Structures are given as structure tokens and as C-alpha cells.
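Shown next, in C-alpha cells, is the structure this report addresses.
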Amino acid sequence: MNYLSTRGLAPQLRFSEILLGGLASDGGLYVPESYPRFSDAELTAMRGMDYRELAFAVLSRLIDDIAHDDLRRLIDKTYTADVYRYANPGENAEDITPLKTLEPGLHVLALSNGPTLAFKDMAMQLLGNLFEYVLDKTHGELNILGATSGDTGSAAEYAMRGKRGIRVFMLSPEHGMTRFQQAQMYALQDANIHNLVIRGVFDQCQDIVKAVSNDLEFKTRHHIGAVNSINWARVAAQSVYYFKAYFAATRSNDQSVSFSVPSGNFGNVCAGHIARQMGLPIRKLIVATNENDVLDEFFRTGVYRPRPETRHTSSPSMDISKASNFERFVFELAGRDAAKIRSLWSAVESGGSFDLNADGLFAKVADFGMVSGSSSHANRIDTIRTVYEVYGTMIDPHTADGLKVGLEHREPGVPLICMETAQPAKFEDAIREALGIEPLRPAELAGLEAQPQKKHVLDADVDAVKQFIADHAG
């Protein structure tokens with residue numbers, strides 16, 4: 001299995017060669033040269049698998065340069081009830097991602113039982129083990145550079161803390177994240193963890209990461225790697241739980257399901273797109289945004305128009321106006337025309353937009369099952385309240401966005417699965433406003449915000465971030 005860049009000017013590489021990096025050398029994102037597809041018989045055989053077996057069945061099709069015994073060992077080490085131990089009452093931690101049924105045909109997939117109470121743990125824990133494995137083989141070192149709008153940062157840091165040869169430099173915006181989200185990152189005192197608080201918004205953090213990654217000389221000299229969803233291994237690992245959810249919600253492969261996915265950077269939806277490309281019977285992938293509705297605008301109009309400003313909302317992990325992973329989807333939409341992608345993203349990177357109506361590409365969106373909608377603060381507060389009152393289930397504001405939009409696209413006879421984003425404990429203000437009560441948090445995370453915090457505040461300046469990395473990269 002070779003991987004190629006969406007922009008067509010970088011060499012094709014194997015999985016282990018793209019694992020540690022993010023952007024390709026031409027600024028594009030890596031995708032497989034073709035997607036392996038599961039037959040009906042193979043899907044039937046996968047129905048009885050537990051999460052670890054399923055992860056191996058899916059990922060071994062995408063990773064053929066790591067010995068199968070080693071890959072299975074890494075997967076088995078990652079997906080355990082001890083790692084994903086924060087299951088809610090009534091959930092089986094051994095399931096890793098239990099399916100919660102609200103009513104017949106309406107489900108929430110629990111993805112937030114990992115160490116940081118967010119769905120990002122699902123891929124990040126495996127990524128940490130894969131990184132360590134490859135670095136041990138090559139005796140190499142890695143300086144991970146990432147940006148977070150809420151949950152990616154803590155998930156990456158918890159996955160990489162204490163790992164040999166790995167240092168993490170995580171950029172986060174000065175404002176927008178909840179106190180719990182900030183404390184999860186800043187309270188870590190590990191020597192290999194560096195939190196860089198940027199005076200700006202998430203999109204500026206993400207732009208800095210891309211600028212550093214595009215400086216090939218600096219990237220090579222300082223062994224810069226990525227854990228954001230521009231990293232192919234991240235989205236590949238996330239595709240596994242789409243298979244898990246499908247099998248849990250259906251009885252046979254002639255059934256299709258729809259997924260509603262709270263969306264900011266398009267990584268989680270992209271994982272569903274990968275699963276669909278691999279043969280999973282997905283009818284709709286419902287892209288649910290908050291007030292930062294750049295993706296919703298595209299899927300309604302065919303115009304992709306990143307905003308000059310990002311709005312701060314009560315679902316902060318989705319406060320994103322430039323969806324990095326969106327390029328992977330448009331690459332498929334454009335028939336894998338790399339020259340077209342270079343042209344489109346040249347406009348975006350110069351502050352512009354693009355319209356896919358004139359050349360007929362927008363009409364092809366339906367072939368991929370993509371639809372969308374947006375949600376407001378009032379919508380998510382109302383949804384949190386309704387779900388609690390009707391179903392006795394507490395959800396976080398991002399999951400509420402997903403449910404609100406998902407229900408707008410619900411079809412009779414088609415199971416609807418909403419992807420959980422995080423546990424409510426991470427968003428106490430929203431829960432308090434909606435329900436008038438405090439969400440429970442694991443006992444070991446009590447008082448997290450009061451712990452000493454280690455962080456470095458910097459201007460939104462590429463050179464300042466480069467200098468910090470150079471000074472601390474070892």
C-alpha cells in the first residue's frame with residue numbers, strides 16, 4: 001500500500017514513512033493510492049469481532065509495512081478496558097465504544113471513555129504506541145507540533161507523555177477552551193510536554209503548524225511530526241469505530257445506517273468517509289457544525305469560504321473556520337485531480353474561497369452521502385435539556401450539536417448514530433445552564449483546575465514558535 005499526496009507533487013511513500021509526519025512535502029495530505037474494500041462475506045465475518053479484532057481487520061488493510069504480529073500487539077496494548085476505563089454506569093468498558101440506544105433507531109456512540117474524556121483518545125492512544133514502535137526501530141527522535149481547539153491537545157499529550165524520544169509542542173488559543181480542557185493540558189508537568197498558548201484563535205494556531213511543516217529544512221532538522229488529523233494514521237484509526245457502531249446497530253449487511261458527526265476540522269467525518277470508501281454501508285454522513293458554519297455552507301451551496309474570524313461558542317472544540325481534513329474529501333470529489341486541488345487550495349491559502357458549482361463537482365457530493373446542518377447556542381442547550389429529560393442521558397454541547405442536526409436528516413427505517421464528542425464533565429458551564437446541575441467527573445480528576453499549570457504564552461508568530469522549538473527540541 002502506497003500513499004500519495006492530494007497535491008500530486010510529493011513522492012509516494014509507505015505507511016511507516018508518513019506516520020510521523022503531517023503534511024506531504026508539497027503541502028498536501030496523504031491518502032492511500034486506492035481504498036481496499038471489504039466484501040459482504042468479510043463484513044459478515046467482522047460482525048462478531050471485539051474492538052481489538054476489528055481494529056486489526058481494518059488497519060491491517062491500510063498498513064502493510066508493519067509486521068502483522070507487531071501491529072496486532074500494538075492494537076491489543078491500546079484498546080483495553082484499563083485505558084478506556086471511564087465508562088458510564090451501565091456501559092461495558094470492554095466494549096471500548098459502547099452503543100447507547102436512546103430509542104429504537106436512534107443511538108449515541110460512546111467515544112469518550114479514554115483518559116481525557118474525549119473521542120480524540122480513540123486514535124491518539126494508538127498513535128502514541130505506533131510512534132514509539134517506529135522510533136525504537138529507527139533509534140530516532142520526534143518533536144510533535146500540533147494545534148488544539150479543545151481536545152486534541154490533551155489527548156496527544158496523555159498519549160505521548162513519557163514516551164522515549166518524543167517531545168510535544170502543543171499550540172492552543174488564549175481564549176475559548178473550557179477551564180477543564182485547559183487544565184488537562186497545562187497541569188501536565190512532564191518534561192517532554194510543552195504547552196504554547198497563542199495570543200489568537202485556533203485557526204492562527206493551525207496556520208502556524210502548517211507554516212512550520214511547510215518549512216522543509218526546519219522540519220527535517222528538528223524532526224517535526226504531527227498529531228492533528230492532517231496525520232493519516234489519526235483518521236485511519238478513527239475509521240474503526242464506524243465499523244464497530246455499524247455492527248452494533250444492525251443485524252445484516254443489507255442494512256444501511258447514517259452517522260451524525262459534530263464537525264470542526266472534518267477529521268472525524270473524514271474517518272467515516274474512509275469507512276464508506278472501504279465498503280461500510282453508510283447512507284448519510286451528516287456534517288454538524290456550530291455557529292462556525294463554513295462546512296455547512298459548503299455542503300448547502302458548493303462554496304468553501306473560510307471566515308476571517310472564528311466565533312467563540314459553547315462547543316469550543318468546533319470553533320474552527322479552516323477545516324484541514326476537508327482537502328482529502330475534495331480530492332476524491334474532484335476525481336483525484338491533484339492539479340485541481342493545488343488550484344483550489346492556492347485560493348484558500350491566499351485568503352480566498354472556491355465555488356464547485358461551475359464545473360459540476362458540487363453535484364457529485366450526493367454520491368458520497370454528505371449532508372449538513374448547523375446548530376446555535378440555544379439549540380445545543382435545548383438539546384442537552386431535552387435528551388436529559390426524555391432519555392435520562394446527559395450529553396456534552398458538541399454531541400448536542402450532532403444530535404440536533406442529525407435529527408433534521410433522520411429517515412424512517414435507517415438507524416441514526418450520533419458520534420459522541422466528549423463527556424459532559426468537560427463542559428460544566430453549558431451543563432449548568434441547560435440542566436441546573438453539575439456533571440459528574442471521575443474522582444481522580446477532581447480539583448484538576450487547581451493544580452499547578454505549566455504553559456508558555458507567545459504571540460501568533462511563526463518565527464517565535466520556531467525559536468521556542470529550536471530552544472527546547474534537544
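Among Val457, Val414, which is the only one that is over 20 Å from Ser315 (Cβ atoms), part of a loop (DSSP other than H, G, I, E, B) and touching a strand residue (DSSP E or B) at 6+ places or on another chain (Cβ under 6 Å)?
Details: Val457 fails: part of a loop (DSSP other than H, G, I, E, B).
Of Val457, Val414, the one residue that is over 20 Å from Ser315 (Cβ atoms), part of a loop (DSSP other than H, G, I, E, B) and touching a strand residue (DSSP E or B) at 6+ places or on another chain (Cβ under 6 Å) is Val414.
With respect to Ala123, is the statement that it is surrounded by 23 or more Cβ atoms within 10 Å (Cβ to Cβ), touching a strand residue (DSSP E or B) at 6+ places or on another chain (Cβ under 8 Å) and among the aliphatic types (A, V, I, L, M) true? Show your work before the answer.
On the way: surrounded by 23 or more Cβ atoms within 10 Å (Cβ to Cβ): yes; touching a strand residue (DSSP E or B) at 6+ places or on another chain (Cβ under 8 Å): no; among the aliphatic types (A, V, I, L, M): yes.
For Ala123, the condition - surrounded by 23 or more Cβ atoms within 10 Å (Cβ to Cβ), touching a strand residue (DSSP E or B) at 6+ places or on another chain (Cβ under 8 Å) and among the aliphatic types (A, V, I, L, M) - is not met.
Tell me, which residue of region 228-255 that is β-branched (Val, Ile, Thr) and modelled with pLDDT of 95 or more is farthest from Tyr30 (Cα to Cα)?
Residues of region 228-255 that are β-branched (Val, Ile, Thr), as a first pass: 230, 235, 240, 250.
Then keep just the ones that are modelled with pLDDT of 95 or more; that gives 235, 240, 250.
Details: Val235: 11, Val240: 18, Thr250: 32 Å.
Applying the filter and picking the extreme gives Thr250.
Based on what the data block shows, is Met177 in contact with a helix residue (DSSP H, G or I) (Cβ under 9 Å, 6 or more places away or on another chain), hydrophobic (A, V, I, L, M, F, W, C) and modelled with pLDDT of 95 or more?
Numbers: in contact with a helix residue (DSSP H, G or I) (Cβ under 9 Å, 6 or more places away or on another chain): yes; hydrophobic (A, V, I, L, M, F, W, C): yes; modelled with pLDDT of 95 or more: no.
No, not satisfied.
Kindly indicate whether any position in region 420-441 is without any contact (Cβ under 8 Å) to a residue 40 or more places away in the chain, more than 20 Å from the chain's Cα centre (by Cα) and farther than 26 Å from Ala187 by Cβ.
yes
Can you tell me which of (1) closer than 18 Å to His472 by Cβ; (2) assigned to a helix (DSSP H, G or I) is the one Leu171 doesn't meet?
(2)
Among the residues of region 92-117, write down those that are at pLDDT below 95 and surrounded by fewer than 16 Cβ atoms within 10 Å (Cβ to Cβ).
Asn92, Glu94
For region 348-360, which positions are farther than 22 Å from Gly267 by Cβ and either buried (at least 18 other Cβ atoms within 10 Å of the Cβ) or out of contact with any Gly (no Cβ under 7 Å at 6 or more places or on another chain) (or both)? Steps first, please.
So the first thing to find is which residues in region 348-360 are farther than 22 Å from Gly267 by Cβ, and the list is 350-352, 355, 357-360.
Within region 348-360, Ser350, Gly351, Gly352, Ala358, Asp359, Gly360 qualify.
Going through region 118-139 one residue at a time, which ones are in a loop (DSSP other than H, G, I, E, B), modelled with pLDDT under 95 and touching a Leu at 6+ places or on another chain (Cβ under 8 Å)?
Hits for region 118-139: nothing passes.
Among residues belonging to region 300-318 that are buried (at least 21 other Cβ atoms within 10 Å of the Cβ) and in contact with a strand residue (DSSP E or B) (Cβ under 8 Å, 6 or more places away or on another chain), point out the one that is farthest from Gly373 (Cα to Cα).
Across region 300-318, the extreme among qualifying residues is Ser317.
What are the residues in region 398-427 that are surrounded by fewer than 17 Cβ atoms within 10 Å (Cβ to Cβ) and in contact with a helix residue (DSSP H, G or I) (Cβ under 9 Å, 6 or more places away or on another chain), if any?
Across region 398-427, the qualifying residue is only Leu407.
Answer with yes or no whether Thr383 is touching a Cys at 6+ places or on another chain (Cβ under 7 Å) and surrounded by 16 or more Cβ atoms within 10 Å (Cβ to Cβ). First the steps, then the outcome.
On the way: touching a Cys at 6+ places or on another chain (Cβ under 7 Å): no; surrounded by 16 or more Cβ atoms within 10 Å (Cβ to Cβ): yes.
Taking the combined requirement at face value, the residue does not satisfy it.
Take residues that are touching a residue at least 24 places away in the same chain (Cβ under 8 Å), out of contact with any Leu (no Cβ under 7 Å at 6 or more places or on another chain) and not aliphatic (A, V, I, L, M) and tell me which of the helices (runs of 4 or more DSSP H) falling wholly in region 175-290 contain 3 or more.
Working: elements: 179-186, 202-214, 216-221, 232-238, 240-249, 267-277.
Per the criteria, 179-186, 202-214, 267-277.
Could you tell me which of the residues Ile437, Ile395 is crowded, with 19+ Cβ neighbours inside 10 Å, at pLDDT 95 or above and not in a helix (DSSP H, G or I)?
Numbers: Ile437 fails: crowded, with 19+ Cβ neighbours inside 10 Å.
Result: Ile395 is the single residue among Ile437, Ile395 that is crowded, with 19+ Cβ neighbours inside 10 Å, at pLDDT 95 or above and not in a helix (DSSP H, G or I).
Has region 38-46 got any residue that is more than 20 Å from the chain's Cα centre (by Cα) and aromatic (Phe, Trp, Tyr)? Before you say what the answer is, go through the steps one by one.
Initial filter on region 38-46 (more than 20 Å from the chain's Cα centre (by Cα)): 38-46.
After this cut, where a residue has to be aromatic (Phe, Trp, Tyr) as well, the list is 38.
Within region 38-46 (the criterion being more than 20 Å from the chain's Cα centre (by Cα) and aromatic (Phe, Trp, Tyr)), the answer is yes, since at least one residue qualifies.
Quick one: would you say Tyr79 is surrounded by 17 or more Cβ atoms within 10 Å (Cβ to Cβ), at pLDDT below 95, farther than 30 Å from Ala211 by Cβ and among the hydroxyl-bearing types (Ser, Thr, Tyr)?
Numbers: surrounded by 17 or more Cβ atoms within 10 Å (Cβ to Cβ): yes; at pLDDT below 95: no; farther than 30 Å from Ala211 by Cβ: yes; among the hydroxyl-bearing types (Ser, Thr, Tyr): yes.
When the stated conditions are applied, Tyr79 does not pass them.
Can you confirm whether Ser321 is surrounded by fewer than 21 Cβ atoms within 10 Å (Cβ to Cβ), more than 19 Å from the chain's Cα centre (by Cα) and among the polar types (S, T, N, Q)? So that I can check it myself, show each step before the final result.
Working: surrounded by fewer than 21 Cβ atoms within 10 Å (Cβ to Cβ): yes; more than 19 Å from the chain's Cα centre (by Cα): no; among the polar types (S, T, N, Q): yes.
No.
Any residue in region 60-79 that's on the phi > 0 side of the Ramachandran plot: show its pairings with residues that are of a type in the set (Ser, Thr, Tyr) at Cβ separation under 6 Å, as long as the two are six or more apart or on different chains.
From region 60-79, no pairs qualify.
Considering each residue of region 1-27, count those that are within 20 Å of Asn143 (Cα to Cα) and not β-branched (Val, Ile, Thr), and give that number. Before you say what the answer is, go through the steps one by one.
Pass one, region 1-27, residues within 20 Å of Asn143 (Cα to Cα): 15-25, 27.
From the residues that got through so far, the ones that are not β-branched (Val, Ile, Thr) too are 15-17, 19-25, 27.
Of the residues in region 1-27, 11 are within 20 Å of Asn143 (Cα to Cα) and not β-branched (Val, Ile, Thr).
Of all residues in region 362-380, which are free of Cβ contacts under 8 Å to residues at least 40 places away in the same chain, surrounded by 14 or more Cβ atoms within 10 Å (Cβ to Cβ) and either assigned to a loop (DSSP other than H, G, I, E, B) or of a type in the set (Gly, Ala, Ser) (or both)?
none
The values are calculated or read from the model by the stated rules, or taken from the named source; none is laboratory data. Being a predicted model, the structure only gives us computed values, none of them experimental. Because the Cβ atoms are built from the backbone with ideal geometry, glycine has one as well, and the counts that use them run over all protein chains shown.
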